[in-house]
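The values are calculated or read from the model by the stated rules, or taken from the named source; none is laboratory data. Model, not experiment: these values are computed from the prediction. Cβ coordinates were reconstructed from backbone atoms using ideal geometry, including for glycine residues, and neighbour counts include every protein chain displayed. What goes into the accessible areas is simple: the full protein's heavy atoms, side chains included, and nothing from ligands, DNA or RNA. Shrake-Rupley method; radii C 1.70, N 1.55, O 1.52, S 1.80 Å.
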Amino acid sequence: LGSNDEQKKCMSEKISQFVNGNFDTSLGKKLGLTGTNRVIVQFRIDENGNIQDARARAPHPELEEEARRVIGELPEMKPGRQGGRPVPVSYTIPIRFKVQD
């Protein structure tokens, strides 16, 4: 399985790939945004592997809503473990995209 750090890195990469593949970047142009935009998403994976408490910060409320939608579509995960017991794990993921002219 690899070390804890390796597992964390792999998990973050998989989540980022999923988010990047499913986030509607055309929203930026529709909302009149320009340049590079950043959305910060925070969520928790509970003891059962379910996504909980998804929150987002972005330059526009519709981008926040889109980020929460995409995080809500993540498949059920294996929960984190500590001392052999499942525990909740918090994640923060930046979503960056460039609005093309």
Residue pairs meeting the criteria (Cβ under 7 Å; at least 6 apart or on separate chains; first within 24 Å of Pro88 (Cβ to Cβ), in the range 5-30; second loosely packed, with under 14 Cβ neighbours inside 10 Å): Gln7/Leu1; Asn22/Glu73
Residue under evaluation Glu62, criteria (1) in a helix (DSSP H, G or I); (2) open to solvent by less than 80 Å² (accessible area, probe 1.4 Å); (3) in contact with a helix residue (DSSP H, G or I) (Cβ under 8 Å, 6 or more places away or on another chain), criterion not met: (2)
Residues satisfying the stated conditions in the range 65-99, i.e. farther than 18 Å from Gln42 by Cβ and in a loop (DSSP other than H, G, I, E, B): Pro75, Glu76, Lys78, Gly83, Gly84
Flag for Arg57 being open to solvent by 80 Å² or more (accessible area, probe 1.4 Å), modelled with pLDDT of 90 or more and within 18 Å of Thr25 (Cβ to Cβ): yes
Candidates Glu6, Glu47, Glu66 - the one that is among the charged types (D, E, K, R) and within 18 Å of Gln100 (Cβ to Cβ): Glu66
